[in-house]
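A short reminder: the numbers here are calculations on the coordinates, not readings from a lab. A quick note: this is a predicted structure, and the numbers were derived from the prediction, not measured. Note: ideal-geometry Cβ built from the backbone for every residue, glycine included; neighbour counts use all protein chains shown.
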Amino acid sequence: MSLAEPMDPNRVGDLPIEGGEAPGRGLGGPAPVRIVVGYGFWIFILSDMVMFSAFFAAYAVLAGATAGGPTAKQIFDLNNVAIETGCLLASSFACGMASLAAGARNPLWFHVSMAATFVLGAIFLGLELKEFAGLAAQGAGPQRSAFLSAFFTLVGCHGAHITAGLAWLLTMSAQVVAKGFRADIMRRILCFTLFWHALDIIWVAIFTIVYLIGAGR
Amino acid sequence: MSEAHHDAAPGPEDLAPGEERLDGSGVAHGVRGYLIGLVLAAGLTAASFYFAGSGLIYGPAIPAALVALAVAQMGVHLVFFLHLTTGSDNTNNILALAFGILIVTLVIVGSLWIMANLNHNMVPMSRVMQMQR
């Protein structure tokens, strides 16, 4: 080992190292739980994005299939979408502040940031539900045309994720109150922030492909 | 011997996705990263909404411009909110992301390509009606 050439940092395989934790590349045994959990959740998020890509493909194919019903241009209110977008972006930022606060073990900062994340996410969800109810009231529900079916499936699926995320957010705040910043709670917070930021990334695709390009068609 | 092992040290341990290494500089550095991300993302969003409504860009090119802005904004989110880097401590995360992007691209581009082809080759509905008569 003495005159060995510099080791490839990405070398795969088991090699005992002295002291310190395993780096997570097969070196010195399995990676720490934090990395395994975060990586596993990252794989879930990517598979969720693959699922969304199928809905995006369906929407893109069916966007013109209005069956004589309302077109995208007639039903989308871009001011509403702009407010929704702002809320979700600010919510994502607040979520980042919450993860920094958790890293600094600061409960007050954490709970204030999580509350801001929740309120902004709830405003987003409320605006989306108002839009859906308005569309259904004017006879532009999901049963009207293939375009509207694809629209409600794609945007509604994102809204369902946001709803689940809000429930998870409250759970994490409650767990920090009850159990503090324990290692397992920190891993759950890491997964929650991944989930919330990923939903904002999917929303970027939605407001661009569904709303902005749709309204300009 | 321990010297040799030190030379062969594996470098910093891997980062979990979404995790940022804050050495020394601490929280202020972390907040700065999120603020930069917020400003860039807000700017790109504002540009998207502005270009979609204004006549500043040649009409048929607007969808391509909007998609470019969206891809840029997703990149900003990945770098500043999810802290993905090109460092060796992020290799696993980046590889998984690259595979995800490959599948997403195949699904979306493949669907659009195939469906456009089918549409193009389909007998027009009016002629189908005549044939059935």
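A few notes on this one:
- Computed about the Cα centre, the dipole magnitude for the protein assembly as shown is approximately 1480 debye when only Lys and Arg (+1) and Asp and Glu (-1) carry charge, each at its Cβ.
- Taking Cα atoms only, the orientation of helix A:146-179 departs from the longest principal axis of chain A by about 40 degrees.
- Tilt relative to chain A, helix A:78-103 - C-alpha long axis, 0 to 90 degrees, to 10: 20
- Peptide B:66-76, shielding by other chains (average Cβ, 10 Å cutoff): 4
- Counts of other chain beta carbons within 10 angstrom of each beta carbon in peptide A:200-212 average 6.
- Relative protection proxy for A:56-68, A:114-126, A:192-204, from highest mean packing down: A:192-204, A:114-126, A:56-68 (other beta-carbon atoms within 10 angstrom).
- Sites B:T91 and A:Q138, calculated FRET efficiency, Cβ-Cβ separation with R0 56 Å, nearest 0.05: 0.65
- Peptide A:102-113 shows a mean partner chain C-beta count of 1 within 10 Å per residue C-beta.
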